[in-house]
Amino acid sequence: MRPVGSASVLEERRKDAVRRMRAGERPIDVARDLGVSPQAVHNWKRTAADGGLRALNSVPQHVPTCRMSSSQKRNLRTILRRGAMTYGFPTDLWTCDRIAEVIRKEFGISYHSAHLGRLLRAMGYTPQKPKTEARERDPKAAEHFRNVTWRLVKKG
């Protein structure tokens, strides 16, 4: 579980622990004061011994940038509005696999279909599941069943 605090706060805590141990405090006392395990304090001490206090600096997380430019996203929006059948698919339903294929063909960018949801949500799209209804369905007969027949056969 990640400790509570910003990256800079946690970095300062690590450096403070090492400074205190260098000043002669026992690791167990430092750990108790900072609310961490003694093992964590020993790890910080070892890291600082190998690379100095700089080795305890927080490392920014890698956040991948979108590989599609703004103009490519606008073009993708236009493509999606035209419908899937325009691009040779048998139905007009856009799936992530289909969108990934179109992006690969149109822009030369390869996305895994499982990750396209993030891109589409960022563009303002939400997952939609088409309503399925039997072709043989008779709305009048269904209404009659709900209002008349069901009341006759329902227990109690």
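Taken together, the values in this text are just the output of simple stated rules run on the coordinates, not laboratory data. Since we're looking at a predicted model, the values are computed, not measured. Virtual Cβ from ideal backbone geometry, glycine too; neighbours counted across all protein chains shown.
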For segment 7-56, just say rounded, prolate or oblate: build the C-alpha gyration tensor, square-root its eigenvalues into a ≥ b ≥ c, call rounded for a/c under 1.5, and beyond that prolate if a/b exceeds b/c, oblate if not. oblate
Specify the inter-centroid distance of segment 115-156 and segment 1-69, based on alpha-carbon positions, in whole Å. 54
Mind checking which of R46, R121, R82 has the largest fluctuation in a GNM of the chain, springs on alpha carbons under 10 Å? R46
Report which label in (i) 254; (ii) 268; (iii) 322 holds the value of volume of the Cα convex hull per residue in Å³ derived from the coordinates of this structure. (i)
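Treating the beta-carbon of each Lys and Arg as +1 and of each Asp and Glu as -1, no other charges, what is the dipole magnitude of segment 7-56 about its Cα centre, to the nearest 20 debye?
On the way: 11 positive and 7 negative charges, 24 e Å.
Magnitude of the dipole: close to 120 debye.
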Listed with the fewest Cβ neighbours within 10 Å leading, S6, S58 appear as S6, S58
